[in-house]
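Written out below as structure tokens is the structure these notes cover.
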Amino acid sequence: MAQLHAPEIKRNWKRLGAVYKDTRSEADITEHYLLERSLAARLQQAPASERQELYSSLYDELYARLPRHPRHTRRYDANHAGKQVRILRRLVPKGASFLEIGAGDGAVSLAMTETCREAIAVDVTERAIIGGSRPDNFKFALSDGISMPAPSGTIDFAYSHQLMEHLHPEDAFRQLAEIFRVLKPGGTYLCITPSRLTGPHDVSRYFDREAQGFHLKEYSYREMEEVFGRAGFTHIRACIMRGDRFAGTIGIGPIVAVEKLYGAVPGRLRENLNTNRYVRAVLGLSVLAEKPAG
């Protein structure tokens with residue numbers, strides 16, 4: 001592969017760093033960008049038969065080679081799970097079977113055991129899972145990143161947060177089909193992922209207008225509606241959030257109209273608007289979709 005060279009860093013890179021709580025130097029960010037872009041290209045170009053193994057190994061390589069990566073230097077907000085759980089408890093029926101894909105440390109699934117019949121945390125590795133005793137209705141299940149380790153038609157509510165953008169588009173559809181399979185008729189999937197219009201949201205935010213790193217594809221609501229519909233989901237809606245509170249849902253159509261208008265904003269102005277938390281909140285992708293009941 002040819003040697004990669006970073007484009008000129010954006011003039012507002014320090015402002016972007018402040019928005020994302022990234023205090024690294026220009027040199028550190030550039031090193032991160034070049035490495036992640038190179039590793040992401042390997043994922044993009046790999047055949048499907050090799051990608052499942054690469055999802056884990058390439059992330060491990062990135063973190064090992066970048067000691068100043070934010071994963072090493074910045075801890076999660078202590079309430080990072082609580083913010084998600086407050087929303088989920090408005091949406092997930094009590095006594096439901098709950099499935100979290102890309103569960104990370106498992107804190108969300110562990111919290112959901114208090115109101116759910118069972119909570120299943122799915123990830124490609126168990127290394128991040130919180131230690132200690134676990135409730136009897138909590139289960140961790142390894143996945144290859146695509147397959148869902150649950151029988152067909154057994155899950156009431158599936159959930160993922162900041163996951164879909166990390167998958168190759170072909171694998172994202174395959175994973176959606178798997179989630180559809182394990183849901184009960186009438187079951188629901190809440191998918192939260194960054195918006196392409198306010199991105200990029202990986203390290204390429206400092207250099208490019210579209211994601212070039214480990215966000216293999218960032219989506220718009222229009223694209224999400226298309227891929228969810230192709231997987232068989234119906235009643236596809238946008239969730240409206242106010243901070244960590246669920247405020248209701250609306251059809252995708254009005255949001256697509258807003259996206260179209262926002263997409264017409266000149267690039268430089270849109271880059272500045274993208275740092276506004278209200279713009280990111282309105283256009284942030286939170287899709288709620290159902291498996292047909294009949």
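Using DSSP to define loop residues, name the GluC sites (Glu not before Pro) in the range 200-294 whose beta-carbon has at most 12 other beta-carbon atoms within 10 Å.
For GluC sites (Glu not before Pro) across the range 200-294 that sit outside H, G, I, E and B with at most 12 neighbouring Cβ atoms in 10 Å, the list reads Glu210.
Taking 0.36 nm per intervening residue step and subtracting the Cα-Cα distance, what contour gain separates Arg86 from Arg209 on full extension?
Roughly 41.0 nm would be gained on extension.
Can you give the charge dipole size of the range 82-290 about its Cα centre, rounded to the nearest 20 debye, using +1 on the beta carbon of Lys and Arg and -1 on the beta carbon of Asp and Glu?
Charge dipole of the range 82-290: 760 debye, to the nearest 20.
Need one number for the range 89-166: average projected area of the convex hull over its C-alpha atoms, nm².
5.2 nm²
Given the Cα-Cα distance of His5 and Ser56 and 0.36 nm per residue of separation, how much length would full extension add, in nm?
Full extension of this stretch gives 15.8 nm more.
Pairs Lys83/Lys184; Lys21/Lys260; Lys139/Lys184: which are spaced more than 24 Å apart, C-alpha to C-alpha?
From the list (Lys83/Lys184; Lys21/Lys260; Lys139/Lys184), the Cα-Cα distance tops 24 Å for Lys83/Lys184; Lys21/Lys260.
What ranking do 131-144, 149-162 get when scored by the average of other Cβ atoms within 10 Å per residue, highest first?
By packing density, highest mean first, the sequence is 149-162, 131-144.
So how do 179-185, 6-12 stack up, highest first, on mean other-Cβ count within 10 Å?
Highest to lowest by the protection proxy: 179-185, 6-12.
Place a +1 charge on the Cβ of each Lys and Arg in the range 13-73 and a -1 charge on the Cβ of each Asp and Glu, then give the dipole magnitude about the Cα centre in debye, rounded to the nearest 20.
Charge dipole of the range 13-73: 300 debye, to the nearest 20.
So in the chain, what percent of DSSP beta bridges are antiparallel if you round to the nearest 5?
Here the share of antiparallel DSSP bridges comes out near 40 percent.
Pick out, from Ile120, Ser220, Val265, the residue whose Cα sits farthest towards the positive end of the charge dipole of the range 82-290, with +1 on the Cβ of Lys and Arg and -1 on the Cβ of Asp and Glu.
Farthest towards the positive pole: Val265.
Where does the chain land at 222 nm, in deg cm²/dmol rounded to the nearest 500, when only DSSP H runs of n ≥ 4 count, each adding -39500 (n - 2.57), divided by all residues?
-12000 deg cm²/dmol
For the range 154-280, what log10 I(q)/I(0) values come out of the Debye formula at q = 0.11, 0.12, 0.18, 0.22 1/Å, with one point per alpha carbon and no solvent?
-0.41, -0.49, -1.09, -1.49
With label points built 7 Å along Cα→Cβ from the Cα atoms of Tyr63 and Asn12, find their separation and express it in nm.
3.1 nm
Whole-Hz ³J(HN,Hα) for each residue in the range 283-294, computed from phi via Karplus 6.51 cos²θ - 1.76 cosθ + 1.60 with θ = phi - 60°, x for glycine and proline: what do you get?
After applying 6.51 cos²θ - 1.76 cosθ + 1.60, I find 9, x, 8, 10, 9, 10, 9, 10, 7, x, 6, x Hz.
Which far-off residues, 5 or more places away or on another chain, put their amide H under 5 Å from the one on Ile155, with H placed in the peptide plane?
Those lying under 5 Å, H to H, from Ile155 are Leu183, Lys184.
Give the value in nm², to one decimal: projected area of the alpha carbon convex hull of the range 13-73, averaged over all directions.
For the range 13-73, the mean projected area of the Cα convex hull comes to 4.5 nm².
Note down the relative contact order for the range 82-290 as a percent, whole number, built from C-alpha pairs under 8 angstrom at least six residues apart.
18 percent
Using alpha carbons only, how many degrees (0 to 90, rounded to 10) separate the axis of helix 169-182 from the longest principal axis of the chain?
So the helix axis and the longest Cα principal axis differ by about 10 degrees.
In the Gaussian network model of the chain, springs joining C-alpha atoms below 10 Å, which of Ala40, Ala18, Ala281 carries the largest mean-square fluctuation?
Looking only at Ala40, Ala18, Ala281, the largest GNM fluctuation is found for Ala18.
Under the Karplus relation 6.51 cos²θ - 1.76 cosθ + 1.60, θ = phi - 60°, what is the ordered set of whole-Hz ³J(HN,Hα) values for the range 211-222, x standing for Gly and Pro?
Listing the rounded values in order: 4, 10, x, 6, 7, 5, 7, 9, 10, 9, 4, 4 Hz.
Can you give the convex hull volume per residue for the Cα atoms of the chain, as a whole number of Å³?
Here the figure is 134 Å³ per residue.
May I ask you to evaluate 6.51 cos²θ - 1.76 cosθ + 1.60, the Karplus curve with θ = phi - 60°, for each residue of the range 265-274 and list the ³J(HN,Hα) values in order in whole Hz, giving x for glycine and proline?
The phi angles translate into 5, x, x, 5, 5, 5, 4, 5, 5, 5 Hz.
When you count, for each residue, the other Cβ atoms within 10 Å and take the mean per peptide, how do 98-106, 25-33 rank with the highest first?
98-106, 25-33
Under 10 Å, Cα contacts only: if you run a Gaussian network model on the chain, which one of Arg71, Arg42, Arg24 comes out with the highest mean-square fluctuation?
Of Arg71, Arg42, Arg24, the Gaussian network model singles out Arg71 as fluctuating most.
Compute the acute angle (0 to 90°) between the alpha-carbon long axis of helix 26-45 and the principal axis of greatest extent of the alpha-carbon atoms of the chain; round to the nearest 10°.
Helix 26-45 sits roughly 60 degrees off the main axis of the chain.
Work out how much length Glu226 to Glu26 would gain on full extension: take 0.36 nm times their residue separation and subtract the Cα-Cα distance, in nm to one decimal.
So the chain would gain 68.2 nm between Glu226 and Glu26.
If amide H atoms are built 1.01 Å from N in the plane of the peptide, which residues on other chains or at least 5 residues away come under 5 Å of the amide H of Phe214?
Amide H neighbours of Phe214, under 5 Å, 5+ apart: Val203.
Read-outs: derived from the displayed coordinates by stated rules, not from any lab. Not measured: the values here are computed from a predicted model. Don't worry about glycine lacking a Cβ; one is built from the backbone with ideal geometry, like all the others, and counts go over all protein chains shown.
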